[in-house]
Amino acid sequence: MATLTVATLSPSSSRLFAPVRYNRYPNQLRPNLLYKNCHLPKLPPLKCSSSSSEPETSATDWTYKLISGIAGIGFLETSYLAYLKLTDSDVFCPVGGDTCSNILNSDYAVVFGVPLPLIGMVAYSFVAALSLQLATKENLPFWINKSSAQLLLLGCTTSMATASAYFLYILTTAFSGSSCLYCLLSVVLSFSLFFITLKDIGLQEKFKQLGLQLFIAGLVILTLNTSYSSAKSDASSGAKVELPYFATEVTAPSSPFALSLAKYLHSIGAKMYGAFWCSHCLEQKEMFGREAAKQLDYVECFPDGFRTGTKMIDACIDAKIEGFPTWIINGQVLSGEVELSELAQMSGYSESDQPS
């Protein structure tokens, strides 16, 4: 006689049934022992998760936060330049002297009538806002999904990098020998945003979007070329002005006060900057009279005449003359025609200070 022992497990109730003993005879199996069931503790539910998902997510969030920070720096820079451009203020240039102002006030600083720093300010703010929303996983605007937002971010940074490369070419050709710290900073920021955004995209996706990037780059270059070409054609089609130099004559006689004041202004190094074609400059001289006007330190900013594109002499450029006439007395600047009494007060003139 053989004995067969069988143990069974019920997966639904997690119960283990006790062995059932059978006595085996030649033609039959006969149960010898009824089974009993035993209770086992229930196992906790198992979860299947990838251990690398959280680090990848945190790395992606860190990338978007970095993009947002870099774009924030660009926004501050372009906001400062846009303010100076809109208010016609001088640019503080740590390196290169007045080259920053010359570049900011050139025709290349405007695209279809819109100041270039203003366009940059909008672009940097858009990149900063979009990347910050991707990092914080907030609801994206216009109900776009994450993949579409990443594609939009790539397109924007591609256009910014292309424009920066174009302007870097302009800086090295049209402004050869000039240095512009703000221009170089914008180039570094734009290319950093582009490469960081591109790094966050998989290799296969990069090849898929290569055509789109080339299209955006070509569109940016075409737009800038069209804008600058139209600006040059408008400037060349404008009426050319050519005015040869001529000497002006003061006819009014000088009063004793005017003559004394003119000698005093000459003694303290006060200068009057003007242009031969400026009627206000002639009227200022007429206030002094014929004899006193000869005593003034008068600087003619266009001694060789004026024609379209002619620049002032270096003395007027260094003094940052923006209009005529302009007085510089003891480091103070007075623009326009000034009464003799005001000139006396500004210069500290008194009757006892009359030069011999």
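Say a paramagnetic label sat at a point 7 Å from the Cα of Asp304, along Cα to Cβ; which residues of segment 269-293 have their backbone N under 20 Å from it?
Once the point is set 7 Å along Cα→Cβ of Asp304, 274-278 turn out to lie under 20 Å by backbone N, inside segment 269-293.
Once R0 is set to 45 Å, what does the formula 1/(1 + (r/R0)^6) return for the Cβ-Cβ distance between Tyr169 and Thr251, expressed as a FRET efficiency to the nearest 0.05?
Plugging the Cβ-Cβ distance into 1/(1 + (r/R0)^6) gives 0.20.
Label-point separation (nm) for Arg290 and Lys137, each offset 7 Å from Cα along Cα-to-Cβ?
Going by the 7 Å Cα→Cβ label model, 9.0 nm.
Taking R0 as 45 Å, what's the FRET efficiency between Phe207 and Ala231 from their Cβ-Cβ distance, rounded to 0.05?
The value I calculate is 0.75.
Using only protein heavy atoms and a 1.4 Å probe, report how much of Ile221 is accessible, in Å² to the nearest 10.
70
With every protein chain in place, what's the accessible area of Leu116 (1.4 Å probe, Å², nearest 10)?
Answer for Leu116: close to 50 Å² accessible.
Report the chymotrypsin sites (Phe, Trp or Tyr not before Pro) located in segment 302-356 that are in a DSSP loop and have at most 13 other Cβ atoms inside 10 Å of their Cβ, or state none.
Sites meeting the loop and neighbour criteria: none at all.
Of the listed pairs Lys85/Lys199; Lys285/Lys311; Lys85/Lys285; Lys271/Lys311; Lys85/Lys263, which have alpha-carbon separations greater than 29 Å here?
Lys85/Lys199; Lys85/Lys285; Lys85/Lys263
How would Val188, Val91 rank on accessible area, largest to smallest, probe 1.4 Å?
Ranking Val188, Val91 by accessible area, largest first, yields Val188, Val91.
Just subtract the alpha-carbon distance of Phe126 and Ala109 from 0.36 nm times their residue separation and send over the number in nm, one decimal.
4.1 nm
The values are calculated or read from the model by the stated rules, or taken from the named source; none is laboratory data. Given the structure is predicted, the values throughout are model-derived calculations rather than measurements. Glycine also receives a Cβ, built like all others from the backbone with ideal geometry; neighbour counts cover every protein chain displayed. We work out accessible area using only protein heavy atoms, side chains counted, and drop any ligands, DNA or RNA first. Shrake-Rupley method; radii C 1.70, N 1.55, O 1.52, S 1.80 Å.
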